[in-house]
Structures are given as C-alpha cells and as structure tokens.
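Reviewing the structure listed below.
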Amino acid sequence: MAKNLVIVESPAKAKTIEGFLGKDFLVKSSYGHIRDLPERNLSINIEKGFVPDYVVPSDKKKLVAELKGLAKKAETIWLATDEDREGEAISWHLQEALELDEKRVKRIVFHEITKNAILKAIENPRKVDYNLVDAQQARRILDRLVGYEISPILWKKVKPSLSAGRVQSVAVRLIVEREREINNFNSSSSFRITAEFFTQDQDKVLVKAELPHRFPKEQDAKKFLENCIGATFTVSDLEVKPATKQPSAPFTTSTLQQEASRKLGFSVSQTMTIAQKLYESGKITYMRTDSVNLSDFAMEAAKNEIVSYYGKEYANPRTYKTKSKGAQEAHEAIRPTYMNVHKIEGEAREAKLYELIWKRTIASQMSEAKLEKTTVSISISNQPEQFVAKGEVLKFDGFLKVYFESTDDENEENSESMLPPLKKGQQLLVEKIMATQRFTQHPPRYTEASLVKKLEELGIGRPSTYAPTISTVQKRGYVVKEDREGIARNYTVLTMQQNQMKEELKTEITGREKAKLFPSDIGIVVTDFLVQNFKDILDYGFTADVERQFDEVAEGVIKWNKMIEAFYNPFHAIVENTKETAERATGERVLGIDSQSGKNIIVRIGRFGPMVQMGSSEDEEKPKFASLRTGQSIENITLEEAIDLFKLPRKIGIYNNIDITAAIGKFGPYLKYGNMFVSIRSQEGDDPMTINLQRAIELIELKKETIKNSVIKQFEENKEIQVLRGRYGAYIKAGKKNFKIPKDKTPEELTLEECIAIANIPEKKESSKTKEKKTPSKVKAKAKKKIVKKAKTK
C-alpha cells in the first residue's frame with residue numbers, strides 16, 4: 001500500500017494527477033459528493049441551530065467503505081478536491097465520513113492540473129478551511145429550507161408536484177417579466193432615409209449615407225424625397241479621427257458561457273460539461289471563477305507566444321480588474337494551461353471550446369487595434385437636412401488578428417463600412433434615395449447566455465450556480481427554450497431614382513426567435529403567486545444580499561447559523577401565514593361567452609396543465625374542457641381561439657373501416673386510430689384542426705412501419721412479452737415495464753423462458769379466488785376503525 005492516499009472528485013482528474021506523482025502516491029476518486037441531505041426528508045434540526053443530518057447515499061456506501069479501508073493503511077491522506085466552496089465542502093465530508101484523523105489529513109488546492117501545480121500544492125498543504133465549508137453549507141441548508149417550506153404550499157394552492165427554489169424562482173421571474181414587457185409593447189413605425197451616392201471621378205466609387213433622424217409619417221418622408229428631386233449634394237464637412245479598440249478580458253465562467261453560446265451555439269450546461277473535461281485532462285485552468293486575473297507566469301507565456309507568432313508590436317501585457325461583486329482576485333481567469341498549445345486533438349466540441357479559450361486569452365495580452373474613423377456630412381442644396389456617411393479604416397489590426405468578441409445586439413443596421421477618399425466641397429451624384437418603413441423592436445427575449453449576464457449584473461448566484469439554475473428551471477417546466485417562427489408583416493418602401501418616385505409594399509418576417517427562453521403558463525402562475533406571497537424571496541436586491549452574506553460567511557465575518565436564523569424566522573412566519581390566507585392560484589381568466597351555448601369560456605391551469613373550460617360545475621350540463629395547443633398561452637389566448645379548441649376531437653375520416661380522429665392530449669396533438677395513438681408532427685406543419693385524411697393515413701402507416709421494424713421477436717404463448725429495438729439498443733418489454741438485455745445474450749436468439757428470467761416475472765397461473773376483494777363496505781369499516789382508534793388515543 002502506498003504511503004500517500006490522494007482523493008479527488010472525478011476519475012478523469014484522478015487519472016491525470018496519477019501521471020504526475022510517483023509510486024508512493026495512490027490517487028482515488030470520490031465521484032463527487034459522498035454525503036448530502038437525503039431527498040425525502042428536511043433533515044435539518046431547526047431547534048438545535050439548523051444542524052444538518054447528512055447521510056451517505058446507498059450507491060456510495062461501498063465506495064466509502066473502500067476509501068475508509070485505504071485511508072487506514074495510508075500515512076497521509078491528501079484531500080485534492082476543487083478549490084471553490086463546493087470542493088472545500090467535499091473535502092470536509094470526506095474527512096467526516098471516512099473518520100479521518102486531522103493530523104494525518106492535508107488539504108491541497110491548485111488552479112490547473114499540471115505537474116508543477118500539483119507538486120507546488122503538495123509543498124504547500126493546509127487544513128480544511130471551515131469558513132468555506134460553512135458558506136457552502138449555509139447555501140445548501142437555506143435552499144433546502146426554502147424549497148421544503150414553499151413547495152408544499154404550491155402543491156396545495158397551485159398544482160401538485162411543483163417546486164420552488166431561492167435562485168431558480170428569481171431567474172423565472174426575470175423571464176416572466178420580460179415576456180410581459182414584450183406582450184405590453186406597442187410597436188410604432190417611422191421612415192428611415194438612406195441614400196447611395198457616387199463620386200464624380202472616373203472610378204465612380206459608391207458612398208452610402210443616412211439621414212440622422214427619421215420621419216414618423218409616410219407623407220413627411222414622401223415630401224422629403226420629392227424635394228430631393230433635382231437637388232445637388234455636396235460634402236459639407238469631413239471629420240477624420242483616430243480611434244482604438246481594446247481587447248476583452250480573459251474568460252470568467254459567465255463570459256465563457258456567453259461567448260460559447262454566441263460563437264459555438266453551446267447551451268450553458270454544455271459549456272460547463274465540456275470545460276470540466278478540459279480542466280480534468282489538464283488542458284485549461286479551473287472553469288468556475290469570477291476573476292479576470294492572469295498569473296505572472298501566464299502573462300509571460302502569452303507574451304512569448306505573441307512575439308514568436310505575430311511580432312513584438314503585437315504584444316502588450318495588461319492586467320484586468322473584475323467588476324462583479326465578491327470576485328476572488330486571488331484566483332485566475334479561465335486560460336489554457338500551456339500557451340504554446342494553440343489547438344488540441346480529440347472530441348470536436350472540446351477542440352472548439354479550447355480554441356475559443358486560447359484565442360481570448362492570447363488576445364487579452366495583445367496590442368489594441370488602431371482605426372481611423374471618418375464622418376462625412378452631405379448637404380442638400382434645397383433642404384436644411386444633411387446626410388451622414390460613416391466609415392472606418394483599420395490601420396493596425398492588433399488583437400483583431402486573433403479574436404473579435406460577439407455581442408447580443410440583434411440590430412445590425414448601423415454597421416460602418418469603408419469610405420473612399422473625399423474632400424470638403426466635393427459634389428456627389430445621387431444614385432437613389434430610399435425611405436424604408438421601420439418598426440420599433442420589443443425588448444429581446446433572454447437566451448441562456450444573456451440570462452447569465454443579467455443574473456451576474458444583479459449579483460444573483462455565483463459561477464458554480466449559473467448552469468444548474470438555468471437547467472433546473474427548464475427541467476421543472478417553468479421555462480422552455482425553443483425556436484419560434486416569425487410572422488409576415490407588410491412595410492412600405494419609397495424610392496426616388498432618376499428623378500422618379502416609386503412606392504412599393506414589401507413583406508418581411510418579424511419576430512423569428514432562435515433558442516430563446518419563454519415562460520410556460522405554469523411558470524407564470526407560480527411566479528405571480530410567489531411574488532404576491534413571498535415578496536422578499538423573489539426580490540432581486542434581497543437575493544443578491546443573501547449572496548453577499550454567503551461571501552461574508554466564507555470570509556469568517558459572520559457565523560453561518562446566525563445568518564440562516566436571521567433569514568429563517570421572518571421567512572417561516574410568512575410561510576405559516578400564506579398557508580392560512582393565500583387563495584388558490586390558477587391564472588384564471590374569463591374570456592367571454594360562447595354565442596352558441598351562452599356559457600362562459602374560462603382559461604386556467606388545470607390538473608394536467610393549461611386548459612380552456614366551457615361552462616361551470618354549477619350548470620345542469622357538465623362543463624367541457626380542452627387543452628391549449630403548442631404556442632398558446634393562458635395570458636393571451638383569445639375567445640375565438642378558445643372556442644376553436646372545442647372543435648376537437650375532430651373526425652377526419654375512415655381508413656380500413658376504422659375511424660380516424662384528431663385531438664390534443666397531455667403530450668400534444670395526436671391521431672387516434674383504433675387502439676393506436678399517432679403523434680401529429682406540428683414541427684412539420686401538421687395541425688389537428690386542418691390535417692386531412694391523406695396526411696393522417698401517411699402518419700398512421702409511418703407509425704405501423706416503425707412498430708414493425710422495432711419488433712425483433714414476439715411470442716404467441718405470451719403476447720405481453722416482446723424483444724424490441726429501441727433508441728439505445730435492444731430490450732425486453734414485459735407488460736408495461738422494460739428490461740435491459742445482458743451483454744452475453746443475443747436478442748434474436750432469446751427464448752420466452754430466458755425473457756421471463758431476465759424480467760424476473762412469474763409465469764401466468766390460473767386466476768385464484770382465494771384473495772379477498774376489498775368491497776366498498778369493508779373499506780368503510782376499515783376507515784371507521786381508524787377513526788375510533790384515533791379518537792381513543794386523544
């Protein structure tokens with residue numbers, strides 16, 4: 001047995017570190033946390049100062065026993081988990097669960113997994129930092145208290161199986177509020193005037209210009225264009241100014257997530273998963289950081305690389321200061337561990353993300369780009385207005401040779417181009433002048449990246465929380481990330497060319513969305529309920545202040561349980577009051593009256609989601625219900641759209657003497673054909689309200705073919721058991737349950753007996769009448785006994 005046992009969180013990290021240490025070191029992985037609060041119980045002793053009751057989950061007990069055995073044989077145990085609060089907490093849990101003697105424990109941290117960093121860490125060990133542990137513990141306990149106390153209220157007042165989270169609910173609120181801004185936005189139009197001129201020399205170079213202001217009315221724009229007929233156009237002023245562009249700082253967790261989303265199309269969680277792999281394989285520094293700082297070593301390595309590849313004039317080492325609250329400058333930004341490695345081999349997404357990190361880091365240490373910005377004013381002989389042309393010339397590319405940062409700005413109308421050499425007093429020939437109707441744009445919906453940016457600006461969450469927060473709100477169904485088709489919109493274009501006026505009506509697609517975050521109906525209703533009843537918990541400033549208090553716990557300024565006590569006591573009082581006084585929330589909205597039946601049409605959240613109701617339970621005839629269609633919302637569905645939903649289920653026709661009907665169910669629109677259910681493919685333009693018989697038959701035959709191709713084997717003796725081909729390979733279907741097929745078995749050769757053995761189900765026996773049935777009278781008698789017993793105990 002080696003003298004030294006090193007414990008890290010992941011097998012990949014263990015494998016990388018093992019290569020740097022000698023035979024006296026054994027490196028093992030804890031596979032993440034080995035202790036946590038159990039899922040089904042609160043497990044926090046509130047009366048005794050919020051003491052948590054941590055447990056080792058059943059799937060980790062064997063691992064803990066193994067690590068405990070190895071620790072007993074080792075002279076020194078090195079806890080080498082990540083350098084953030086989460087990593088510190090994992091080290092502490094290991095120390096507790098393995099019952100380690102503190103005298104034999106050494107805690108080491110490193111920002112990168114390189115041989116030098118690991119050996120340096122071993123030369124400078126420390127003890128577990130209990131302030132960092134307490135900060136992580138405070139977050140875990142506080143989030144558990146909020147979730148466990150608010151979620152049951154949501155089950156009772158809104159809908160079963162809902163949950164609330166301290167940071168997640170605030171993130172959903174941001175998305176809900178943005179959606180309402182968009183819904184309440186009134187677009188207005190104006191006319192943008194642009195012109196194309198040519199120089200009068202023999203080359204006739206094109207000059208594009210624009211009027212600095214817009215005309216609100218079409219007649220004003222038309223009048224302006226008419227006045228330009230026969231006018232002369234002269235360069236009245238020409239201003240040339242030097243300008244510079246500065247490189248962006250190296251990546252933090254937040255900026256990496258944003259830029260990987262813009263440039264590579266990665267989701268936030270995807271970026272973090274890939275970055276984790278790069279870190280654990282020793283290619284980049286630690287990927288959870290809010291610092292833009294680079295070490296002296298990294299800056300020197302970057303400088304050498306820049307001078308070597310691009311020349312001395314491109315190198316300009318610089319330091320950056322972090323703007324985010326609570327940033328830890330002692331940590332480093334995300335950078336390559338070896339600056340001389342420009343690209344890596346291997347998995348494509350890892351290679352792309354690595355290259356992005358390398359370019360950003362190198363660019364941050366390069367010279368600024370030097371530009372020459374030109375602004376040209378063009379006068380009109382018979383009008384006071386002036387056209388303005390803007391252009392820029394790149395004099396020295398500097399960092400732009402390597403990298404240019406993307407933005408979230410979707411409006412690219414104001415891009416600048418190169419201008420030809422011009423001089424004051426020079427006359428220009430007009431090619432054409434256009435007045436184009438433009439519409440004001442509503443605020444943009446959040447992408448995952450822009451939501452991270454907003455959370456960071458508000459001081460909500462920390463580098464380790466962004467990805468799980470955004471994943472959680474989508475998993476819970478409060479937010480959906482999707483593309484949406486735009487709608488056609490007409491706009492007017494007036495053109496003056498060769499002294500002739502022309503008016504055209506054109507069409508554009510507006511409102512097209514790609515990978516944007518939309519609140520679901522249940523997300524909106526839950527947010528409204530929480531804002532109304534838990535104002536502080538959903539307050540942006542309050543949530544940011546809680547984050548600041550976690551930082552103070554980490555710094556040892558305040559005690560974790562005192563911080564939680566100050567939060568919990570007023571919070572719990574609000575919980576108790578809300579249980580008693582809050583009204584049920586369904587987002588109910590009365591849309592109007594159905595002209596045919598005379599009954600009220602109501603839209604609300606029902607047991608299975610958003611729905612429309614015709615009539616009420618007090619009417620003689622039972623009310624009718626219909627589910628909302630994809631893209632419809634209880635917030636903006638109209639009376640006419642709601643009434644249309646009651647046209648379903650709709651009979652489409654008959655095929656092979658069997659009726660085909662279209663309807664909408666819990667999982668979306670579908671066709672019913674006998675006992676077969678076939679999804680209606682809305683993404684392919686199919687609609688339950690308009691789908692015809694021919695298309696319905698196509699979908700039914702496609703489903704039949706899929707079912708046929710999926711059956712590997714079936715048994716006449718027992719039709720409940722089948723061997724099927726699935727998305728992830730062959731499996732056994734026994735009744736409603738699915739079972740994996742062992743690797744040593746060939747699916748096509750399985751017998752019925754082997755399938756039964758794998759599924760571990762008894763063969764069917766003749767029905768027995770020995771089991772006593774629970775008749776309603778017996779159920780009542782049993783319930784009565786319980787009531788009597790309960791009364792006696794009181």
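The values are calculated or read from the model by the stated rules, or taken from the named source; none is laboratory data. Keep in mind the model is a prediction, meaning the values are calculated, not measured. Every residue, glycine as well, gets a Cβ built from its backbone with ideal geometry; the counts of neighbours run over all protein chains shown. Quick note on the areas: whole protein, heavy atoms, side chains included, nothing else; ligands and nucleic acids left out. Shrake-Rupley method; radii C 1.70, N 1.55, O 1.52, S 1.80 Å.
What to note about this one:
- Taking the charge dipole of the chain about its Cα centre, with +1 at Lys and Arg Cβ atoms and -1 at Asp and Glu Cβ atoms, the residue from Ile175, Tyr148, Ser450 reaching farthest to the positive side is Tyr148.
- Restricting the calculation to Cα atoms, region 499-630 yields a radius of gyration followed by a Dmax of 24.5, 80 Å.
- Principal axis dimensions, region 463-503 - Cα atoms, whole angstrom, descending: 63, 24, 10
- Of the peptides 28-41, 69-82, the order by per-residue mean of other Cβ atoms within 10 Å, starting with the highest, comes out as 69-82, 28-41.
- Packing-based order for 703-716, 633-646, 601-614, 44-57, using average beta carbon neighbours within 10 Å, highest first: 601-614, 633-646, 44-57, 703-716
- In units of the rule-of-thumb radius 2.2 N^0.38 Å, region 425-465 shows an alpha carbon radius of gyration of 2.43.
- Taking θ as phi - 60° and the Karplus parameters 6.51, -1.76 and 1.60, the scalar couplings of region 340-356 work out to 7, 9, 6, 9, 10, 8, x, 4, 4, 5, 5, 5, 5, 5, 4, 4, 4 Hz in sequence order, x denoting glycine and proline.
- Net charge over other residues, Cβ less than 12 angstrom from the Cβ of Leu145 (K, R count +1; D, E count -1): +1
- Scaled against 2.2 N^0.38 Å for its residue count N, the alpha carbon radius of gyration of region 105-222 is 2.30.
- Stokes-Einstein diffusion of region 198-250 at 10 °C, 1.306 mPa s viscosity, Kirkwood radius from Cα pairs, rounded to a whole number: 102 µm²/s.
- For region 1-84, DSSP calls about 25 percent of its internal beta bridges antiparallel.
- Neighbours of Arg727, meaning other residues whose beta-carbon lies under 15 angstrom from its beta-carbon, give a summed charge of +3 when Lys and Arg score +1 and Asp and Glu score -1.
- Within the chain: Cβ-based charge dipole about Cα centre, in debye rounded to nearest 20 (Lys, Arg +1; Asp, Glu -1): 3700 debye
- Segment Ile46..Lys61, full-extension length gain: 2.7 nm, with 0.36 nm per residue of separation and the alpha-carbon distance subtracted.
- For region 351-391, a Kirkwood radius taken over Cα pairs fed into Stokes-Einstein (25 °C, viscosity 0.890 mPa s) yields D = 172 µm²/s.
- Amide H within-cut-off set for Val158, under 5 Å, with H built and near neighbours excluded: Ala585
- Largest-first ellipsoid semi-axes for region 226-290, taking √(5λ) over the Cα gyration tensor eigenvalues, angstrom: 49, 17, 8
- Considering only Pro747, Ser236, Val292, and ranking their Cα positions along the charge dipole of the chain that arises from unit charges at the beta-carbon of Lys, Arg, Asp and Glu, the one farthest toward the positive end is Pro747.
- Once the mean of 1/r is taken over each pair of separate Cα atoms and inverted, region 138-195 shows a Kirkwood hydrodynamic radius of 14.6 Å.
- Take the Cα of His442, step 7 Å toward its Cβ, do the same at Gln246, and the gap between the two points is 3.6 nm.
- Taking only the Cα atoms of region 357-483, the radius of gyration and Dmax are 22.3, 66 Å.
- Of Met339, Thr495, Leu419, farthest towards positive along the dipole that unit charges on Lys, Arg, Asp, Glu beta carbons give the chain: Met339
- In the chain, Cα pairs under 8 Å separated by at least six residues give a relative contact order of 11 percent.
- ³J(HN,Hα), Karplus 6.51/-1.76/1.60, whole Hz, each residue of region 31-45, x for Gly, Pro: 6, x, 5, 10, 9, 6, 6, x, 5, 8, 10, 4, 6, 10, 7
- Rounded to 5, the percent of DSSP beta bridges in the chain classed as antiparallel: 90 percent
- Within region 423-508, the trypsin sites (Lys or Arg not before Pro) that combine a DSSP coil assignment with at most 14 other C-beta atoms in a 10 angstrom radius are Lys423, Lys424.
- Principal axis extents of the C-alpha atoms in region 246-360 (largest first, rounded to whole Å): 38, 36, 25.
- Relative intensity of the chain on a log10 scale, I(q)/I(0) at q = 0.07, 0.08, 0.09 Å⁻¹, equals -0.80, -1.03, -1.23, per a Debye sum over C-alpha point scatterers of equal strength in the absence of solvent.
- Extents of region 43-163, largest first, come to 57, 29, 27 Å (Cα atoms, principal axes, whole angstrom).
- Under 19 Å from the Gln427 label point (7 Å along Cα→beta-carbon), backbone N, region 166-198: 196-198
- Rg and Dmax [Cα atoms of region 69-117; Å; Rg one decimal, Dmax integer]: 11.5, 31
- Asn718 versus Thr319: modelled label distance in nm, points set 7 Å from Cα along the beta carbon direction: 7.3 nm
- Calculated from backbone phi, Karplus (6.51, -1.76, 1.60) coupling profile of region 530-546 in Hz, x at Gly/Pro: 5, 4, 5, 9, 10, 4, 5, 4, 9, 7, 5, x, 5, 5, 5, 5, 4
- Residues whose placed amide H lies under 5 Å from that of Val480, excluding near-sequence neighbours: Phe518, Ser520
- Rounded to the nearest 20 debye, the dipole size of region 103-152 about its Cα centre is 420 debye, using +1 on the Cβ of Lys and Arg and -1 on the Cβ of Asp and Glu.
- Heavy atoms of Ser617 accessible to a 1.4 Å probe, total area in Å² rounded to 10: 100 Å²
- In this structure the amide hydrogen of Glu9, modeled in the peptide plane, comes within under 5 Å of the amide hydrogens of Ser30, Asp82, none closer than 5 places in sequence on its chain.
- For region 604-759, the C-alpha radius of gyration sits at 1.37 times the compact-globule guess of 2.2 N^0.38 Å, with N the residue count.
- All distinct Cα pairs of region 634-699 go into the 1/r average, and the inverse of that average, the Kirkwood radius, is 12.5 Å.
- Fully extending the segment from Glu565 to Val307 would add 87.2 nm, taking 0.36 nm per residue of separation and subtracting the current Cα-Cα distance.
- Across region 602-658, the fraction of Cα-Cα pairs farther apart than 18 Å, rounded to a whole number, is 42%.
- Estimated translational D of region 472-538 in µm²/s (Stokes, Kirkwood radius over Cα pairs; 20 °C; 1.002 mPa s): 135 µm²/s
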